[in-house]
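Below you'll find the structure, written out as structure tokens, and then a few comments.
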Amino acid sequence: MNAFGIDLGSSNIRIYNGIDDSFMMEKNMIAVEGKDTLFAYGDSAFEMYEKAPDNITVSYPVTNGVIADIKNMNTLILYFINDLCKGNIKGSDYYITVPGDVTEVERRAFYDLILDSNVKAKNVYIIEKAVADAVGMDIDVKTAQGVFMVDIGYQTTEISLLSLGGIVTSRLIKMGGQKFDDSIKAAVRKEYNLFIGDKTAEKLKIAMRDVQQSGQNAVVYGRDIITGLPVEKEIDTEIVFESIRENIETIIDGIKQILERTPPELGADIYHNGIFLTGGGSELVHLADMTADATGLVVNISEEPVATVIRGVNRIMKEKHFSSLARSVEDAG
Ligand SMILES: Nc1ncnc2c1ncn2[C@@H]1O[C@H](COP(=O)(O)OP(=O)(O)OP(=O)(O)O)[C@@H](O)[C@H]1O
Ligand SMILES: [Mg+2]
């Protein structure tokens, strides 16, 4: 099919390529040299992050789930699509996801992005991120009532209540994997006098599950704050986890607030079906268990959390039954 599906995250960009039926995921990052010379994009820009000299600026154009840097986001879209089209962009349809709890202007920016980026879009459709998540987790959202979706990403957690394919309530909170990494950095600094980079903090976070299961300590490289020298240190991940506990509680508080506002009839469905948890951040060790304990609900986890949205987009694009879940902006009003 001559169409592309796009999920723009604060950390990752995912594209479903309908022309050859494939998926791609890269860092949603750009490296610019000087004022405005493109130096690298995607995963190769990420490689340079925290390593590049001062004349190269490496940044994420999406901040807190919305497009903050339109110019660079336009450039990224054009380059990614051009790569997927092997340098020969033809007119295609585009399906782009948007967070539920954003302003009309922020929502419009996703649509305009595609129209303004020279990818020769024929039609542009918008899909609510939470709806795509639900379809990506194999929920038949068109008939299901009371679906409680939580997507924990890099900078945002989107908590949504869905019914019959639409959003009843949605809340976007500024909490996610990046905050977990920041907490880890602060804890390692405080407990071990060790300064570590963002990438090391993230690796430590991802390794935590395995490390705790094996009962061993993690080993990280950083700069000793006292001597100023690069060193390797063994880290007790239990101590590090304590620093993230508060972040998880913020998410749980957000979930509880939406649960409290859920109309009783929908609440009964949620009681039966539980919470659906996805997004890369949801893989954090203990997070799903803590959520289940705090809410008393079953927590269903996604098999492939970073790709749930784009899998849902793919199905909405392909399956006729779901076609009404994608709306052109005119219809969306
Ligand atoms: N196994 C894992 N354990 C813990 N965290 C993980 C794991 N895998 C990925 N993550 C985290 O998931 C986050 C990225 O998730 P995701 O791709 O869903 O975010 P995004 O869609 O780019 O951001 P957002 O939805 O906030 O705009 C990163 O912070 C990453 O460290
Ligand atoms: Mg996301």
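Observations on the model:
- In segment 119-131, the count of residues that are crowded, with 19+ Cβ neighbours inside 10 Å, of a type outside the set (Phe, Trp, Tyr), touching a Ser or Thr at 6+ places or on another chain (Cβ under 6 Å) and assigned to a helix (DSSP H, G or I) is one or more.
- When segment 96-118 is filtered for residues that are among the aliphatic types (A, V, I, L, M) and part of a strand (DSSP E or B), the ones remaining, listed by number, are Ile96, Val98.
- Any hit, segment 183-200, residues being near ligand 1 (Cβ under 9 Å from one of its atoms), closer than 22 Å to Glu47 by Cβ and surrounded by 21 or more Cβ atoms within 10 Å (Cβ to Cβ): no
- Of all residues making up segment 307-333, the number that are of a type in the set (A, V, I, L, M, F, W, C) and closer than 16 Å to Ser22 by Cα: 6
- Among all positions in segment 132-147, there is no residue which is within 18 Å of Ile244 (Cα to Cα) and in contact with a Leu (Cβ under 9 Å, 6 or more places away or on another chain).
- Test: residue in segment 229-236 that is at pLDDT below 95, of a type in the set (A, V, I, L, M), surrounded by 19 or more Cβ atoms within 10 Å (Cβ to Cβ) and under 30 Å from Leu259 (Cβ atoms): no
- Scanning segment 272-303 for residues that are away from ligand 2 (no atom under 16 Å from the Cβ) and either polar (S, T, N, Q) or touching a helix residue (DSSP H, G or I) at 6+ places or on another chain (Cβ under 6 Å) (or both) yields Asn273, Val285, Met290, Thr291, Ala294, Thr295, Val299, Asn300.
- Breaking point among (1) away from ligand 1 (no atom under 13 Å from the Cβ); (2) surrounded by 17 or more Cβ atoms within 10 Å (Cβ to Cβ), for Val211: (1)
- Taken over segment 34-63, residues that are crowded, with 16+ Cβ neighbours inside 10 Å and assigned to a loop (DSSP other than H, G, I, E, B) amount to 5.
Yes/no matrix, rows are residues, columns are (1) modelled with pLDDT of 95 or more; (2) away from ligand 1 (no atom under 15 Å from the Cβ):
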| residue | (1), (2) |
| --- | --- |
| Met1 | no, yes |
| Gly5 | yes, no |
| Lys35 | no, yes |
| Leu38 | yes, yes |
| Pro53 | no, yes |
| Pro61 | yes, no |
| Asn72 | yes, yes |
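- Index of the failed condition, Thr291 passing every other in (1) out of contact with any Gly (no Cβ under 9 Å at 6 or more places or on another chain); (2) surrounded by fewer than 20 Cβ atoms within 10 Å (Cβ to Cβ): (2)
The values are calculated or read from the model by the stated rules, or taken from the named source; none is laboratory data. As the structure is a computational prediction, the values presented were derived from the model and not from experiment. Cβ atoms come from the backbone with ideal geometry, glycine included; neighbour counts cover every protein chain shown.
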